[in-house]
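The values are calculated or read from the model by the stated rules, or taken from the named source; none is laboratory data. These numbers come from a predicted model, not from an experiment. In this analysis, Cβ positions are derived from the backbone assuming ideal geometry, glycine residues included, and neighbour counts consider all displayed protein chains.
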């Protein structure tokens, strides 16, 4: 998955990049319409142009205002979505199912409470995964650099 962004700040080892509208936005039928605005833009207006903090590559000279191309491997995006959305639900479900099979006489309220408390396990797994994958080469990377267009 590739995205275009504009450098807004350069630090020692980091570059702050503000993401620009995706290419898909150019084909949006709402942009040409005079009467309505895009529901996606309206819904995500506060986060329409997120700012990423990326490791600064060594080779090219970057300046504030330069346009860069950023790439996030699809595999890593799917892995992150699974860890944050699917894994907690699986842990709750399997905890509840396990309690029902092992302790059939346990009251429903206790099963639900213990299942919700198992979210702590999910949080622990996510924190360990985040530390493991938060190395500089595992996140989005700058793959293209274009001189300041303004």
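Observations on the structure shown:
- Taking residues in the stretch 126-150 that are farther than 19 Å from residue 14 by Cβ, and partners anywhere that are at pLDDT below 65 and surrounded by 12 or more Cβ atoms within 10 Å (Cβ to Cβ), not one pair has Cβ atoms closer than 6 Å while being at least 6 places apart or on different chains.
This table checks each residue for (1) more than 20 Å from the chain's Cα centre (by Cα); (2) closer than 30 Å to residue 5 by Cβ; (3) assigned to a helix (DSSP H, G or I).
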residue	(1), (2), (3)
65	yes, yes, no
68	no, yes, no
76	no, yes, yes
94	yes, no, yes
123	no, no, yes
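- The number of residues in the stretch 56-88 being under 30 Å from residue 127 (Cβ atoms) and either without any contact (Cβ under 8 Å) to a residue 40 or more places away in the chain or out of contact with any strand residue (DSSP E or B) (no Cβ under 7 Å at 6 or more places or on another chain) (or both) comes to 17.
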